[in-house]
C-alpha cells in the first residue's frame with residue numbers, strides 16, 4: 001500500500017506542476033508571446049501529461065477511479081497534505097489516530113469533513 005500511496009503523492013505533485021504551468025502560460029498569453037514560445041510551453045505540458053499517465057499506469061485500478069472522482073470534484077486539491085494536524089483542503093483538525101495512519105502510510109485516509117485524500121505533510 002505504501003508504494004500506491006507514494007504514487008498518489010506523485011500525482012498530487014504533477015497536478016500542482018501542471019496548474020503552475022498553465023497559470024504561467026495564461027500570463028504569457030496576455031503579454032503576447034510568439035508562436036515558438038507557445039509551442040515550447042505546450043511541449044512541456046505534453047511531457048508532464050505523459051508523465052502523469054505513466055504514473056497512473058502503476059496505480060491500482062480502484063485507486064485510479066477514486067482519484068479521478070476526487071480530481072473531478074476538487075481539481076489539483078483532490079489530494080491534500082495534512083499540515084499541523086489540519087486538512088489543508090478544508091482546515092478541519094484531523095484526529096490523532098488518523099494522523100498516525102497518514103504518517104505511516106498504511107492505508108488511504110480521507111478527511112472526514114471534505115472527503116479529500118489526505119497525505120503526510122509535504123517537505124518544503
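The values are calculated or read from the model by the stated rules, or taken from the named source; none is laboratory data. In this text the structure is predicted, and so the values were computed from the model without any measurement. FYI the Cβ positions are ideal-geometry reconstructions off the backbone, even for glycines, and counts take in every protein chain you see.
Looking at the structure I just gave you, is residue 70 exposed (fewer than 12 other Cβ atoms within 10 Å of the Cβ), modelled with pLDDT of 80 or more and under 13 Å from residue 118 (Cα atoms)? I'd like the intermediate steps shown before the answer.
Numbers: exposed (fewer than 12 other Cβ atoms within 10 Å of the Cβ): no; modelled with pLDDT of 80 or more: yes; under 13 Å from residue 118 (Cα atoms): yes.
So residue 70 does not fit the description; no.
Go through (1) farther than 16 Å from residue 12 by Cα; (2) surrounded by fewer than 17 Cβ atoms within 10 Å (Cβ to Cβ) for residue 94 and report which single condition fails.
(2)
Taking the options 53, 20, name whichever one is under 14 Å from the mean Cα position of the chain (by Cα), under 17 Å from residue 80 (Cα atoms) and surrounded by fewer than 15 Cβ atoms within 10 Å (Cβ to Cβ). Spell out the reasoning first.
On the way: 53 fails: under 17 Å from residue 80 (Cα atoms).
Unique residue meeting the criteria: 20.
If you take the residues in region 74-85 that are crowded, with 16+ Cβ neighbours inside 10 Å and over 8 Å from the mean Cα position of the chain (by Cα), which one is farthest from residue 14 (Cα to Cα)?
This residue is 82.
If you check residue 106 against the conditions, is it surrounded by fewer than 17 Cβ atoms within 10 Å (Cβ to Cβ), modelled with pLDDT of 90 or more and touching a helix residue (DSSP H, G or I) at 6+ places or on another chain (Cβ under 8 Å)? Steps first, please.
Numbers: surrounded by fewer than 17 Cβ atoms within 10 Å (Cβ to Cβ): yes; modelled with pLDDT of 90 or more: no; touching a helix residue (DSSP H, G or I) at 6+ places or on another chain (Cβ under 8 Å): yes.
So residue 106 does not fit the description; no.
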